[in-house]
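J.: Take a look at this one; I'll ask things after.
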Amino acid sequence: MKKKIVIMVLVIVLILINQVCLAMEYDTKDKILVNIPFRKLSLIKDEKVVKEYPVAVGKAVSQTPLGEYRLINKVVDPYYKKKNIPGGSVLNPLGSRWLGFKEHYGIHGNSNPKSIGTYASGGCIRMFERDVQELYKTVNLNTPVVVEYNPIEIQRDTFGENSIIVVERDNYTKINDIESKINNSLKKENLESTIGLERINFLNSLVDKQRVVFSNNWVFFINGRYVSNDIIKDNNKFYINKKALSNFFSVNIYNKEQYSIFDGYRLSHKIINNKSYILLDDITDLFKGSFKLDNLNQTIDLNFTYLLLNNKLLIGEIADITNEPKFSLFPMVKALDLNVDLLNNKISVNTKDNKSIVIKKYKGKPFIDLNSLKNKMGLSMNVFTYDKHIELTKEPLVYYKDNIFESKIIEDDIYIPSKILVKNPYQNQFIYLNFEKVDIKYINGEGYIKLKTIENMVSIEKNEYLTKIFIDKK
């Protein structure tokens with residue numbers, strides 16, 4: 001009898017421990033959200049979308065199951081039982097990672113990357129190998145997985161002001177009243193009167209056939225991201241709002257009398273009502289991209305892969321973004337002040353502390369291997385395959401008098417060592433600078449000050465890509 005009681009108590013304890021563990025998992029507030037019509041997986045942390053990934057989903061005849069689930073297993077190099085293909089094989093259609101959320105259904109890599117972004121699977125959710133490996137490291141077992149079917153999305157321009165309605169085709173034929181749902185979205189965004197009933201009716205007639213964009217003017221996208229609908233069409237040429245481009249890439253585009261200047265390149269422009277518009281053809285040539293015109297939808301989608309260094313566009317080419325990304329050698333050498341040598345017709349690139357960086361040829365031109373660059377220089381790199389860009393971050397070096405200090409970047413804010421400006425032998429929480437109180441943040445015992453809080457108190461100069469900051473007391 002006593003033995004039975006002990007066993008029952010142990011069982012109850014194990015159940016309670018399991019429930020506590022599950023509660024701890026849910027307390028992270030992580031969630032995976034998959035929207036079938038947009039073939040998009042969103043990683044959500046603390047109710048904010050932190051990253052989006054392109055995915056392949058089930059075909060109309062083998063649909064991905066909708067509903068609310070959670071991750072029930074995680075497997076490295078999963079075995080493909082259906083065709084007896086071992087894990088790790090290049091032929092394995094499950095790729096290198098498996099995150100199961102329902103019996104027989106999971107999020108996984110694949111052996112056919114060209115299928116990503118399409119309706120191609122037997123019901124599972126496919127990702128690029130780079131993406132699924134990243135997701136695998138990020139999420140834990142029991143993370144909620146929500147698979148939804150919402151073909152209507154409200155998107156806002158680069159300023160977060162003007163909205164458009166994007167409607168994907170109902171490939172699973174699950175929406176019976178799509179037109180009324182669209183009209184409700186138009187009312188919500190106050191777009192009915194600006195677009196006009198005739199145009200709305202025409203666009204509604206296209207919804208069963210293709211992706212449709214509801215806007216009161218031509219719409220400009222970059223890699224599927226809505227940038228602006230402030231577009232001028234003149235003699236079959238398109239001009240894009242300069243301010244929107246500047247804001248999207250965090251760059252300055254300067255007006256001259258006959259043209260605009262961006263990073264030394266001339267761009268044809270028009271100035272209308274004191275607003276500047278840049279010729280689309282020149283933008284496309286500069287970025288070595290291509291654009292797709294949809295005259296029915298009145299949309300322009302410029303496609304090219306790009307790189308942001310410390311959140312600012314660095315002009316150059318990216319190769320192999322989904323696998324081993326590489327970037328044009330010479331723009332990166334100039335931006336990061338790297339050392340280049342040519343010996344026996346072979347280029348070598350080194351950091352200032354003489355660490356060698358891998359160089360690879362692509363289409364006969366030298367490219368810098370971004371993984372090698374990241375590792376040798378201690379940079380952080382974030383690859384966004386959904387909208388085809390890479391964010392590279394280098395914490396700036398701070399120059400004060402004859403000394404060089406290392407800064408920290410925390411949540412996009414730059415922090416500089418407090419000892420640059422004042423001797424601080426004690427663990428004070430703040431200092432006074434020019435009679436103003438300045439807070440100190442301690443990282444590994446070292447005091448740091450947010451640069452923004454002292455910009456009016458000291459003299460600050462920054463180089464183009466914010467890799468160097470020069471400070472002098474006023």
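Every number in this text was worked out from the coordinates using simple rules, so none of it is lab data. Nothing here was measured: the structure is a model prediction, and the numbers come from that model. Here the Cβ is made from the backbone with ideal geometry for all residues, glycine too, and neighbour counts use every protein chain on show.
J.: Estimate the FRET efficiency between Asn247 and Lys81 by the formula 1/(1 + (r/R0)^6), using the beta-carbon distance for r and 56 Å for R0, to the nearest 0.05. Walk me through the numbers on the way to the answer.
T.: On the way: r = 51 Å, r/R0 = 0.90.
The pair Asn247/Lys81 has a calculated efficiency of 0.65.
J.: Given a cut-off of 20 Å, what percent of all Cα-Cα pairs of the stretch 153-300 lie beyond it? Don't jump to the answer; show the numbers that get you there.
T.: Values: 5585 of 10878 pairs.
That tail contains 51 percent of the Cα-Cα pairs.
J.: Label points 7 Å out from Cα along the Cβ direction at Tyr254 and Asn311: separation in nm?
T.: 2.3
J.: Which of the GluC sites (Glu not before Pro) found in the stretch 391-437 are in a DSSP loop and have at most 16 neighbouring Cβ atoms, other than their own, within 10 Å?
T.: Working: sites: Glu391, Glu406, Glu411, Glu436; in loops: Glu411.
Filter output for the stretch 391-437: Glu411.
J.: Using all C-alpha to C-alpha distances in the stretch 397-473, build P(r) with 5 Å bins and read off the rounded percent in each one.
T.: 3, 14, 30, 27, 19, 6, 1, 0
J.: With label points built 7 Å along Cα→Cβ from the Cα atoms of Glu436 and Lys48, find their separation and express it in nm.
T.: About 2.5 nm, to one decimal.
J.: A follow-up question, please. How big is the convex hull of the Cα atoms of the stretch 247-348, per residue, in Å³? Mind dumping the intermediate values first?
T.: On the way: hull volume 16.1 nm³, N = 102.
About 158 Å³ per residue, rounded to a whole number.
J.: Still on this structure, please answer the following. For the chain, what D do you get in µm² per second when you plug the Kirkwood radius from alpha-carbon pairs into Stokes-Einstein at 25 °C and 0.890 mPa s? Let's see the in-between values first.
T.: Values: Rh = 26.1 Å.
Roughly 94 µm²/s, to the nearest whole number.
J.: Then there is this: Just want to confirm a number: the relative contact order over the chain, from Cα pairs under 8 angstrom separated by 6+ residues, in percent. Provide the component values of the computation, followed by the final result.
T.: Numbers: 899 pairs, mean separation 41.2, N = 474.
Relative CO of the chain lands at 9 percent.
J.: Check each of the chymotrypsin sites (Phe, Trp or Tyr not before Pro) in the stretch 381-474 and keep only those in coil by DSSP with at most 11 other C-beta atoms within 10 angstrom; list them in order. Display every interim value, and only then the final one.
T.: Details: sites: Phe384, Tyr386, Tyr399, Tyr400, Phe405, Tyr415, Tyr426, Phe430, Tyr432, Phe435, Tyr442, Tyr448, Tyr465, Phe470; in loops: Tyr386, Tyr426, Phe435, Tyr465.
Sparse-neighbourhood loop chymotrypsin sites (Phe, Trp or Tyr not before Pro): Tyr426, Phe435.
J.: Next question, about the same structure. Cα extents of the stretch 30-148 along the three principal axes, largest first, in whole Å?
T.: The Cα atoms of the stretch 30-148 stretch 40, 29, 24 Å along their principal axes.
J.: With each pseudo-label sitting 7 Å past Cα toward Cβ, what's the Asn140-Asn444 distance in nm, one decimal?
T.: According to this spin-label approximation, the distance is 2.5 nm.
J.: Counting other C-beta atoms within 10 Å, and keeping those with at most 13, which DSSP coil trypsin sites (Lys or Arg not before Pro) do you find in the stretch 180-276? Write down the numbers at each step before the final one.
T.: Values: sites: Lys181, Lys187, Lys188, Arg199, Lys209, Arg211, Arg225, Lys233, Lys237, Lys242, Lys243, Lys256, Arg266, Lys270, Lys275; in loops: Lys209, Arg211, Lys256.
In loop regions of the stretch 180-276 (DSSP not H, G, I, E or B), the sparsely surrounded trypsin sites (Lys or Arg not before Pro) are Lys209, Lys256.
J.: Compute the length gained on full extension between Met381 and Ile409: take 0.36 nm times their separation in residues and subtract their Cα-Cα distance, giving the result in nm to one decimal. Kindly include the intermediate steps, with their values, before the conclusion.
T.: Details: separation 28, 0.36 × 28 = 10.08 nm, distance 1.33 nm.
8.7 nm is the gain from fully extending Met381 to Ile409.
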